[in-house]
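The values are calculated or read from the model by the stated rules, or taken from the named source; none is laboratory data. Just so we're clear, the structure is a prediction, and the values are computed from it rather than from any experiment. Here the Cβ is made from the backbone with ideal geometry for all residues, glycine too, and neighbour counts use every protein chain on show.
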Amino acid sequence: MGERREAAVRWSEERRRLTLEGEGVLEYILRWPQVEGAGLGGRWISAYYRRLAGSWRRRWEREIYLQACLDLVRCREESRPFTPWRGELTGEVALLRDGLLSLRFTGWESRGAKPPSRVRWGDVWKVRQGAPCPLGELLAGRRGWRGRLWSALARQGEERRQAGDCFLDRDWLKKARNARPLKDYCLTAEGVELALPQCAAAPAAEGCPVFTLPLEDRKSGG
């Protein structure tokens, strides 16, 4: 038997400019991963992201494109300048180690001159199995792990809020729990990275507040 290849991630990118009667209406950038050298599990992961990219593409080329065209028509009727709509979804590898692949995705969409709407999330996969790795499974056997993570998040958030580093709402922690950031976590060399949805616990200008919580060595069992 030949040597088993190390898993690797290759990124595909698509850029499109949609027009109406020759005028630019909507531009987007779409970037998605393909996992290579990981057998069937890698193919399953790659297929998942091809479908995800397809859903974003269809949304931009149908629903959002139509809305942008209507905006262009209104601007022409009112003799106002039109600003093309834009969208972007990109990703990067946050960690590839010990059979786990962690990916970080960021996206934004601007509708004309309006401030952009933003999203950010992480996906963690068991590469060979082609299956997601929930945070509870990653930390299985560690009693009280959820409470420790929330306590660390609360401390970090309050320190940043009081320092003016991040303008969180006063009741941001309660809102953060409702947003359930643990389900879309990102695993990095520094620990667990959690992102709150835009406007969930802070003003829109803050985007998606990000917290990195140190994680003990998984082998320590502590």
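Here R218 meets the list (1) in contact with a Leu (Cβ under 8 Å, 6 or more places away or on another chain); (2) at pLDDT 95 or above almost entirely, failing just condition (2). For G207, the test of being touching a residue at least 40 places away in the same chain (Cβ under 8 Å), on the phi > 0 side of the Ramachandran plot and crowded, with 17+ Cβ neighbours inside 10 Å is passed.
In this structure, does L96 turn out to be touching a residue at least 40 places away in the same chain (Cβ under 8 Å) and over 19 Å from S117 (Cα atoms)? So that I can check it myself, show each step before the final result.
On the way: touching a residue at least 40 places away in the same chain (Cβ under 8 Å): yes; over 19 Å from S117 (Cα atoms): yes.
Yes: the conditions hold for L96.
Of the numbered criteria (1) at pLDDT 95 or above; (2) under 26 Å from P197 (Cβ atoms); (3) not basic (K, R), the one S79 fails is (2).
Only one of these is more than 26 Å from C208 (Cβ to Cβ), in contact with a strand residue (DSSP E or B) (Cβ under 6 Å, 6 or more places away or on another chain) and without any contact (Cβ under 8 Å) to a residue 60 or more places away in the chain: R74, R17, R111. Name it.
On the way: R74 fails: in contact with a strand residue (DSSP E or B) (Cβ under 6 Å, 6 or more places away or on another chain); R111 fails: more than 26 Å from C208 (Cβ to Cβ).
Testing whether each residue is more than 26 Å from C208 (Cβ to Cβ), in contact with a strand residue (DSSP E or B) (Cβ under 6 Å, 6 or more places away or on another chain) and without any contact (Cβ under 8 Å) to a residue 60 or more places away in the chain leaves just R17.
Okay, residues lined up against (1) part of a helix (DSSP H, G or I); (2) surrounded by 13 or more Cβ atoms within 10 Å (Cβ to Cβ); (3) modelled with pLDDT of 95 or more:
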position	(1), (2), (3)
L149	yes, yes, no
E158	yes, yes, no
Q162	yes, no, no
D165	no, no, no
R170	no, no, no
L173	yes, yes, no
L187	no, yes, yes
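Filtering region 117-136 for residues that are closer than 18 Å to L103 by Cα, outside any strand (DSSP E or B) and of a type in the set (K, R) leaves a non-empty set.
When you go through W145, W108 one by one, which is the residue that is of a type in the set (F, W, Y) and in contact with a Leu (Cβ under 6 Å, 6 or more places away or on another chain)?
When all the criteria are applied, what remains is W145.
Within region 83-98, the residues that satisfy the criterion of being out of contact with any strand residue (DSSP E or B) (no Cβ under 6 Å at 6 or more places or on another chain) and surrounded by fewer than 17 Cβ atoms within 10 Å (Cβ to Cβ) are T83, R97, D98.
Being modelled with pLDDT of 95 or more, touching a strand residue (DSSP E or B) at 6+ places or on another chain (Cβ under 6 Å), among the charged types (D, E, K, R) and under 30 Å from R111 (Cβ atoms) is a condition met by no residue of region 33-55. Take R97 and tell me if it is out of contact with any Gly (no Cβ under 7 Å at 6 or more places or on another chain), over 19 Å from C208 (Cα atoms) and not assigned by TED's automatic domain parsing to the domain that holds V192. Yes, satisfied. Scan region 1-55 for residues that are buried (at least 18 other Cβ atoms within 10 Å of the Cβ) and of a type in the set (V, I, T) and jot them down. Hits for region 1-55 are V9, V25, V35, I45. For region 174-198, the set of residues classified as acidic (D, E) and within 14 Å of the chain's Cα centre (by Cα) consists of D184, E193, listed by residue number. Kindly indicate whether C199 is at positive phi and among the hydrophobic types (A, V, I, L, M, F, W, C). Taking the combined requirement at face value, the residue satisfies it.
Restrict the check to region 121-132 and report whether at least one residue is surrounded by fewer than 16 Cβ atoms within 10 Å (Cβ to Cβ), hydrophobic (A, V, I, L, M, F, W, C), under 22 Å from P209 (Cα atoms) and at pLDDT 95 or above. No, region 121-132 contains no residue that is surrounded by fewer than 16 Cβ atoms within 10 Å (Cβ to Cβ), hydrophobic (A, V, I, L, M, F, W, C), under 22 Å from P209 (Cα atoms) and at pLDDT 95 or above. Looking only at residues in region 54-112 that are hydroxyl-bearing (S, T, Y) and not in a helix (DSSP H, G or I), the one that is nearest to T188 (Cα to Cα) is S102.
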